[in-house]
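Working notes, beginning with the structure itself.
Each value in this text was obtained by applying a stated rule to the coordinates, not by laboratory testing. These numbers come from a predicted model, not from an experiment. Cβ atoms come from the backbone with ideal geometry, glycine included; neighbour counts cover every protein chain shown.
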Amino acid sequence: MVFARVVLLRALWASATLLIVSFIIFSAIEILPGDIAARVLGRYATEEMKAEFRRMRGLDRPMYVRYGEWLYGVVQGDFGDSLVSEFNVGEVILPKLKNTFLLALYAFILYIPFSIILGSLSAVFREGAVDTFLSTLTLIGLSIPEFVMGTLFAFIFGVVLGAFPVVVAINMAQSFGEAVRMMTLPAVTLAIAMAVYAIRMLRDNLIEVLDSDYVRMAILKGVPLPRVVLRHALPNALVPALNVTALNLAYLIGGVVVVEKVFAFPGIGTLLIDSVFLRDAPVVEGCALIISAVYILANLFADVMTVVLNPRLRTAR
């Protein structure tokens, strides 16, 4: 009962946050520099033509009216029509979102075992050669920006070795295996960029848990160390790392634009940047709202999993 109340309360807060974010997004688009009418109609368009374009697209109405209509449409799953292509925004975003989701899923599948295994090894063999080596690698990973890491991978594994394609034309993949091969370099780049944070946090948390009395008692009773780590220490150490994982989930959807640009990947991040350049407000609003929703849902998931993994929170009154 307590668990259900906590989840419901946090879900309501998440919904309220998303509503506030939607208004901020819509308001921010209004102050973007540039004139969509001039960009669509061209430099030789007259003021009368621009005014007619704004009237036909409803851009001459007050902001609060357009926001209300847009929000009403979003609730029904309709993000409006693109001002540039005149296609439905959902039809424009959906293929790009699907591509980014596939890339994010691939990267997240690599990220989970990569973070847990290396973080656990670093904690178990702390202050040893393994810990020093892994700590050095994570520091290097923290210091290298994603676009530099992606460029290095593209040059080494794409240009020099020819093992993977540099340009990810995923829409042209003829099979699942070919699509996986195309996405390997950007997925590995994203997985490393996320894992370096999680590895260091998991190491510190796991060391603290391994030093606790109940873990020491289990080791003294002869319980094998791998079993102690996997069944007793690791679940408790994962709880604080869930917030980092939630941020990484959001980063996978919204922050991959740099990696997408490096590998020419047709995802939602690239679409967002291109739409900002074109000042295509409905597409920008749709992309930004979806990214924000993923971020909020990821944090909600982390909160719920924290309650699930911590019995004291489930029974607290």
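Structure values in brief
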{"read-out": "Region 263-278 - residue that is touching a residue at least 12 places away in the same chain (Cβ under 8 Å), surrounded by fewer than 21 Cβ atoms within 10 Å (Cβ to Cβ) and over 17 Å from the mean Cα position of the chain (by Cα) and, of those, nearest to residue 97 (Cα to Cα)", "value": "264"}
{"read-out": "Search result, residues across region 145-173 that are among the aliphatic types (A, V, I, L, M) and within 25 Å of the chain's Cα centre (by Cα)", "value": "148, 149, 152, 154, 166, 167, 168, 169, 170, 172, 173"}
{"read-out": "Candidate set: region 161-202, residues that are hydroxyl-bearing (Ser, Thr, Tyr) and touching a residue at least 12 places away in the same chain (Cβ under 8 Å); chosen: the one surrounded by the most Cβ atoms within 10 Å (Cβ to Cβ)", "value": "189"}
{"read-out": "Residue within region 123-141 that is out of contact with any His (no Cβ under 7 Å at 6 or more places or on another chain), surrounded by fewer than 13 Cβ atoms within 10 Å (Cβ to Cβ) and in a loop (DSSP other than H, G, I, E, B) present", "value": "yes"}
{"read-out": "Meets criteria (assigned to a helix (DSSP H, G or I), within 24 Å of the chain's Cα centre (by Cα) and of a type in the set (A, V, I, L, M, F, W, C)) for residue 188", "value": "yes"}
{"read-out": "Residues that are over 17 Å from residue 266 (Cβ atoms) and not in a helix (DSSP H, G or I), drawn from region 68-83", "value": "76, 77, 78, 79, 80, 81, 83"}
